[in-house]
1. Expressed as a whole percentage, what fraction of the accessible surface of the chain belongs to carbon and sulfur atoms when a 1.4 Å probe is rolled over the protein heavy atoms?
2. More than 32 angstrom separation, counting every C-alpha pair in the chain; what % is that?
3. Among the lysines in segment 158-217, how many pairs, 8 or more places apart or on different chains, have alpha carbons under 24 Å apart?
4. For segment 158-217, state the average projected area of the convex hull of the C-alpha atoms over all orientations, rounded to one decimal in nm².
5. Along the Cα→Cβ direction, 7 angstrom out, place labels at Glu25 and Ile241. What is the inter-label distance in nm?
6. Putting +1 on Lys and Arg Cβ atoms and -1 on Asp and Glu Cβ atoms, find which of Leu181, Asn162, Ala224 reaches farthest to the positive end of the dipole of segment 149-260.
7. How much of the DSSP beta bridge set in the chain is antiparallel, as a percent to the nearest 5?
8. In degrees from 0 to 90, rounded to the nearest 10, what is the angle of the helix 130-139 Cα long axis to the longest principal axis of the chain?
Amino acid sequence: MRNNHKRFAFGKNWQAFSERSLTKERFQQFKDSFKALMHGIDMQNKEFIDIGFGQGLALISALQMGANVTGIDIDENNIQALENTCRKIGCHKTPEHRICSILNDSFVESNKHQFDIVHSWGVLHHTGNMSKALENGCRLVAKDGLFICSIYNKHWSSPIWNWIKLLYNRSPGTVKKIFILFFYPILLFAKIAVTRKNPYKKERGMDFYYDVVDWVGGYPYEYASINDMLRTVQSKGFRPIRVNPAIVPTGCNEFVFKKE
Ligand SMILES: C[S@@+](CC[C@H](N)C(=O)[O-])C[C@H]1O[C@@H](n2cnc3c(N)ncnc32)[C@H](O)[C@@H]1O
(Lines give C-alpha, C1' and ligand atoms only; values in the text may rest on other atoms or scores of the structure.)
Protein backbone atom coordinates (compact mmCIF):
# COMPACT_ATOMS: atom_id res chain seq x y z
CA MET A 1 0.00 0.00 0.00
CA ARG A 2 1.52 3.31 -0.98
CA ASN A 3 1.91 6.17 1.51
CA ASN A 4 1.72 3.66 4.36
CA HIS A 5 4.09 5.69 6.57
CA LYS A 6 1.84 8.75 6.12
CA ARG A 7 -1.43 6.91 6.62
CA PHE A 8 -3.74 7.97 9.44
CA ALA A 9 -4.39 5.33 12.13
CA PHE A 10 -8.18 5.20 11.73
CA GLY A 11 -8.43 2.00 13.75
CA LYS A 12 -6.90 3.49 16.90
CA ASN A 13 -9.35 6.40 16.75
CA TRP A 14 -12.31 4.02 16.24
CA GLN A 15 -11.08 1.84 19.10
CA ALA A 16 -11.03 4.85 21.42
CA PHE A 17 -14.45 6.03 20.19
CA SER A 18 -16.06 2.60 20.61
CA GLU A 19 -14.46 2.13 24.04
CA ARG A 20 -15.01 5.58 25.56
CA SER A 21 -17.81 7.32 23.71
CA LEU A 22 -20.19 4.85 22.08
CA THR A 23 -23.48 4.33 23.91
CA LYS A 24 -26.75 2.57 23.04
CA GLU A 25 -28.24 6.02 22.43
CA ARG A 26 -25.50 6.89 19.93
CA PHE A 27 -26.04 3.55 18.21
CA GLN A 28 -29.75 4.36 17.86
CA GLN A 29 -28.85 7.76 16.34
CA PHE A 30 -26.54 5.99 13.89
CA LYS A 31 -29.22 3.46 13.00
CA ASP A 32 -31.77 6.22 12.35
CA SER A 33 -29.34 7.92 9.91
CA PHE A 34 -28.52 4.58 8.29
CA LYS A 35 -32.23 3.75 7.88
CA ALA A 36 -32.81 7.17 6.29
CA LEU A 37 -29.98 6.53 3.81
CA MET A 38 -31.42 3.06 3.08
CA HIS A 39 -35.01 4.37 2.83
CA GLY A 40 -37.11 2.24 0.45
CA ILE A 41 -34.41 -0.46 0.14
CA ASP A 42 -35.35 -4.00 1.11
CA MET A 43 -32.45 -5.38 3.16
CA GLN A 44 -34.00 -8.76 3.99
CA ASN A 45 -31.63 -11.59 3.00
CA LYS A 46 -29.69 -9.24 0.73
CA GLU A 47 -25.94 -9.73 0.31
CA PHE A 48 -24.40 -6.60 1.86
CA ILE A 49 -20.76 -5.56 1.97
CA ASP A 50 -19.40 -2.62 3.95
CA ILE A 51 -16.09 -1.40 2.52
CA GLY A 52 -14.05 0.20 5.33
CA PHE A 53 -16.29 -0.93 8.22
CA GLY A 54 -14.34 1.13 10.81
CA GLN A 55 -16.12 0.87 14.17
CA GLY A 56 -18.71 -1.51 12.63
CA LEU A 57 -21.90 0.51 13.13
CA ALA A 58 -23.13 0.11 9.52
CA LEU A 59 -22.25 -3.58 9.51
CA ILE A 60 -24.25 -4.23 12.68
CA SER A 61 -27.19 -2.06 11.55
CA ALA A 62 -27.41 -3.91 8.21
CA LEU A 63 -27.25 -7.25 10.03
CA GLN A 64 -30.07 -6.20 12.36
CA MET A 65 -32.09 -5.12 9.31
CA GLY A 66 -31.94 -8.65 7.93
CA ALA A 67 -29.04 -8.54 5.47
CA ASN A 68 -26.27 -11.14 5.11
CA VAL A 69 -23.32 -8.96 5.87
CA THR A 70 -19.59 -8.94 5.42
CA GLY A 71 -17.11 -6.16 6.06
CA ILE A 72 -13.62 -5.35 4.87
CA ASP A 73 -11.14 -2.84 6.24
CA ILE A 74 -7.37 -2.44 5.98
CA ASP A 75 -6.78 -1.49 9.61
CA GLU A 76 -6.44 -4.44 12.02
CA ASN A 77 -7.27 -2.21 14.98
CA ASN A 78 -10.80 -1.97 13.62
CA ILE A 79 -11.38 -5.61 14.58
CA GLN A 80 -11.11 -4.58 18.24
CA ALA A 81 -13.26 -1.51 17.50
CA LEU A 82 -15.94 -3.73 15.95
CA GLU A 83 -15.80 -6.07 18.96
CA ASN A 84 -16.10 -3.10 21.34
CA THR A 85 -19.13 -1.88 19.38
CA CYS A 86 -20.73 -5.34 19.54
CA ARG A 87 -20.15 -5.57 23.28
CA LYS A 88 -21.47 -2.04 23.94
CA ILE A 89 -24.73 -2.55 22.06
CA GLY A 90 -25.20 -6.23 22.89
CA CYS A 91 -24.92 -7.98 19.49
CA HIS A 92 -25.81 -11.66 19.35
CA LYS A 93 -22.93 -12.33 16.98
CA THR A 94 -20.04 -10.35 15.54
CA PRO A 95 -20.67 -9.66 11.83
CA GLU A 96 -18.38 -11.38 9.35
CA HIS A 97 -15.35 -9.31 8.50
CA ARG A 98 -11.83 -9.52 7.17
CA ILE A 99 -8.75 -7.37 6.79
CA CYS A 100 -8.54 -6.57 3.11
CA SER A 101 -8.21 -3.51 0.90
CA ILE A 102 -10.75 -2.47 -1.71
CA LEU A 103 -7.70 -1.87 -3.91
CA ASN A 104 -6.92 -5.61 -3.77
CA ASP A 105 -7.71 -6.79 -7.31
CA SER A 106 -7.75 -10.50 -6.52
CA PHE A 107 -10.38 -9.92 -3.78
CA VAL A 108 -12.48 -7.86 -6.19
CA GLU A 109 -12.07 -10.36 -9.03
CA SER A 110 -13.19 -13.29 -6.87
CA ASN A 111 -16.17 -11.34 -5.45
CA LYS A 112 -17.30 -9.38 -8.50
CA HIS A 113 -21.09 -9.03 -8.99
CA GLN A 114 -21.63 -10.82 -5.64
CA PHE A 115 -23.35 -8.13 -3.57
CA ASP A 116 -26.90 -6.71 -3.79
CA ILE A 117 -25.76 -3.73 -1.71
CA VAL A 118 -22.23 -2.32 -1.73
CA HIS A 119 -21.95 0.30 1.01
CA SER A 120 -18.92 2.46 1.76
CA TRP A 121 -19.30 5.54 3.94
CA GLY A 122 -16.39 7.96 4.12
CA VAL A 123 -13.81 5.44 2.90
CA LEU A 124 -12.96 5.47 -0.81
CA HIS A 125 -11.41 8.97 -0.57
CA HIS A 126 -9.00 7.63 2.10
CA THR A 127 -7.56 4.74 0.08
CA GLY A 128 -4.82 6.67 -1.73
CA ASN A 129 -6.46 5.85 -5.08
CA MET A 130 -10.10 6.98 -5.09
CA SER A 131 -10.61 6.38 -8.79
CA LYS A 132 -9.57 2.71 -8.51
CA ALA A 133 -11.48 2.30 -5.23
CA LEU A 134 -14.66 3.56 -6.93
CA GLU A 135 -14.06 1.26 -9.88
CA ASN A 136 -13.49 -1.76 -7.61
CA GLY A 137 -16.48 -0.90 -5.39
CA CYS A 138 -18.74 -0.77 -8.47
CA ARG A 139 -17.39 -4.11 -9.71
CA LEU A 140 -18.66 -5.84 -6.56
CA VAL A 141 -22.29 -4.86 -7.29
CA ALA A 142 -24.62 -7.63 -8.53
CA LYS A 143 -27.14 -7.19 -11.36
CA ASP A 144 -29.86 -4.66 -10.31
CA GLY A 145 -27.83 -4.02 -7.15
CA LEU A 146 -27.04 -0.78 -5.34
CA PHE A 147 -23.84 1.16 -4.81
CA ILE A 148 -24.12 3.44 -1.77
CA CYS A 149 -21.23 5.67 -0.84
CA SER A 150 -20.25 8.97 0.68
CA ILE A 151 -17.32 11.02 -0.55
CA TYR A 152 -15.79 14.27 0.71
CA ASN A 153 -17.11 17.31 -1.14
CA LYS A 154 -14.75 19.41 -3.25
CA HIS A 155 -14.32 22.90 -1.77
CA TRP A 156 -11.82 25.74 -2.30
CA SER A 157 -10.23 24.79 1.04
CA SER A 158 -9.80 21.08 0.13
CA PRO A 159 -6.16 21.41 -1.14
CA ILE A 160 -5.26 23.32 2.05
CA TRP A 161 -6.75 20.53 4.18
CA ASN A 162 -4.74 18.03 2.18
CA TRP A 163 -1.53 19.76 3.35
CA ILE A 164 -2.72 20.02 6.94
CA LYS A 165 -3.52 16.30 7.02
CA LEU A 166 -0.19 15.36 5.45
CA LEU A 167 1.65 17.52 7.98
CA TYR A 168 -0.34 15.99 10.86
CA ASN A 169 0.58 12.47 9.79
CA ARG A 170 4.27 13.35 9.45
CA SER A 171 4.38 14.89 12.93
CA PRO A 172 5.37 13.20 16.20
CA GLY A 173 2.70 12.40 18.81
CA THR A 174 2.97 15.60 20.86
CA VAL A 175 2.69 17.79 17.74
CA LYS A 176 -0.36 15.78 16.68
CA LYS A 177 -1.97 16.68 20.05
CA ILE A 178 -1.20 20.37 19.41
CA PHE A 179 -2.88 20.11 15.98
CA ILE A 180 -6.04 18.76 17.61
CA LEU A 181 -6.01 21.41 20.38
CA PHE A 182 -5.59 24.09 17.69
CA PHE A 183 -8.29 22.88 15.31
CA TYR A 184 -10.88 21.77 17.88
CA PRO A 185 -12.20 25.30 18.67
CA ILE A 186 -11.90 26.42 15.03
CA LEU A 187 -13.99 23.49 13.80
CA LEU A 188 -16.42 23.93 16.69
CA PHE A 189 -17.16 27.56 15.79
CA ALA A 190 -17.16 26.86 12.04
CA LYS A 191 -19.78 24.15 12.58
CA ILE A 192 -21.94 26.50 14.69
CA ALA A 193 -21.62 29.25 12.06
CA VAL A 194 -22.64 26.97 9.19
CA THR A 195 -25.35 24.83 10.80
CA ARG A 196 -26.64 27.14 13.61
CA LYS A 197 -27.08 23.99 15.65
CA ASN A 198 -25.42 22.45 18.72
CA PRO A 199 -22.18 20.99 17.26
CA TYR A 200 -22.05 18.33 19.99
CA LYS A 201 -25.30 16.84 18.69
CA LYS A 202 -23.56 14.89 15.95
CA GLU A 203 -25.13 13.12 13.00
CA ARG A 204 -24.77 9.30 12.76
CA GLY A 205 -24.17 8.91 16.51
CA MET A 206 -20.66 10.30 16.16
CA ASP A 207 -18.67 12.23 18.79
CA PHE A 208 -17.32 15.73 18.11
CA TYR A 209 -13.85 15.09 19.54
CA TYR A 210 -13.21 11.81 17.68
CA ASP A 211 -14.60 13.40 14.49
CA VAL A 212 -12.08 16.26 14.81
CA VAL A 213 -9.24 13.71 15.12
CA ASP A 214 -10.64 11.77 12.14
CA TRP A 215 -10.98 14.95 10.06
CA VAL A 216 -7.62 16.55 10.88
CA GLY A 217 -5.76 13.22 10.59
CA GLY A 218 -7.72 11.47 7.83
CA TYR A 219 -5.05 10.90 5.17
CA PRO A 220 -4.71 9.93 2.31
CA TYR A 221 -7.45 12.41 1.39
CA GLU A 222 -9.23 13.00 -1.91
CA TYR A 223 -12.50 14.74 -2.73
CA ALA A 224 -15.02 15.20 -5.54
CA SER A 225 -17.91 17.50 -6.39
CA ILE A 226 -21.40 16.02 -6.66
CA ASN A 227 -21.27 16.43 -10.44
CA ASP A 228 -17.86 14.72 -10.69
CA MET A 229 -19.23 11.76 -8.72
CA LEU A 230 -22.41 11.53 -10.77
CA ARG A 231 -20.41 11.59 -14.01
CA THR A 232 -17.88 9.00 -12.81
CA VAL A 233 -20.32 6.46 -11.41
CA GLN A 234 -22.87 6.90 -14.23
CA SER A 235 -20.11 6.13 -16.73
CA LYS A 236 -19.75 2.72 -15.02
CA GLY A 237 -23.38 1.83 -15.80
CA PHE A 238 -25.15 3.13 -12.68
CA ARG A 239 -28.15 5.46 -12.29
CA PRO A 240 -28.32 7.88 -9.34
CA ILE A 241 -31.44 7.41 -7.23
CA ARG A 242 -30.58 9.68 -4.29
CA VAL A 243 -28.03 12.37 -3.46
CA ASN A 244 -27.78 13.91 0.02
CA PRO A 245 -25.49 16.97 -0.07
CA ALA A 246 -23.00 17.42 2.78
CA ILE A 247 -24.14 19.46 5.82
CA VAL A 248 -20.85 21.41 5.92
CA PRO A 249 -18.91 22.48 2.77
CA THR A 250 -16.02 20.01 3.24
CA GLY A 251 -18.28 17.21 4.53
CA CYS A 252 -19.40 14.01 2.83
CA ASN A 253 -21.99 13.94 0.03
CA GLU A 254 -24.03 10.72 0.15
CA PHE A 255 -24.99 8.85 -3.04
CA VAL A 256 -27.30 5.95 -3.78
CA PHE A 257 -26.78 4.45 -7.26
CA LYS A 258 -28.58 1.57 -8.94
CA LYS A 259 -26.85 -0.69 -11.42
CA GLU A 260 -28.61 -0.49 -14.77
C1 LIG B 1 -13.44 7.61 8.09
S2 LIG B 1 -13.39 5.90 8.38
C3 LIG B 1 -15.09 5.45 8.01
C4 LIG B 1 -15.56 4.28 8.83
C5 LIG B 1 -17.01 3.86 8.63
N6 LIG B 1 -17.25 3.46 7.25
C7 LIG B 1 -17.98 4.94 9.02
O8 LIG B 1 -18.90 5.25 8.26
O9 LIG B 1 -17.87 5.49 10.13
C10 LIG B 1 -12.50 5.26 6.99
C11 LIG B 1 -12.24 3.76 7.07
O12 LIG B 1 -11.75 3.31 5.80
C13 LIG B 1 -10.77 2.32 6.04
N14 LIG B 1 -9.96 2.20 4.81
C15 LIG B 1 -9.03 3.07 4.36
N16 LIG B 1 -8.49 2.61 3.21
C17 LIG B 1 -9.11 1.42 2.94
C18 LIG B 1 -8.97 0.47 1.90
N19 LIG B 1 -8.09 0.63 0.90
N20 LIG B 1 -9.78 -0.62 1.91
C21 LIG B 1 -10.67 -0.80 2.91
N22 LIG B 1 -10.82 0.07 3.93
C23 LIG B 1 -10.05 1.17 3.95
C24 LIG B 1 -10.03 2.86 7.26
O25 LIG B 1 -9.25 1.89 7.90
C26 LIG B 1 -11.20 3.38 8.09
O27 LIG B 1 -11.71 2.38 8.94
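1. 53 percent
2. Tail of the P(r) past 32 Å holds 17 percent of the pairs.
3. 11
4. 4.3 nm²
5. For Glu25 paired with Ile241, the spin-label model returns 3.5 nm.
6. After comparing all options, I get Ala224.
7. Here the share of antiparallel DSSP bridges comes out near 40 percent.
8. 20 degrees
The values are calculated or read from the model by the stated rules, or taken from the named source; none is laboratory data. Being a predicted model, the structure only gives us computed values, none of them experimental. Every residue, glycine as well, gets a Cβ built from its backbone with ideal geometry; the counts of neighbours run over all protein chains shown. When the accessible area is computed, the model is the full protein with side chains, heavy atoms only, and any ligands, DNA or RNA have been set aside. Shrake-Rupley method; radii C 1.70, N 1.55, O 1.52, S 1.80 Å.
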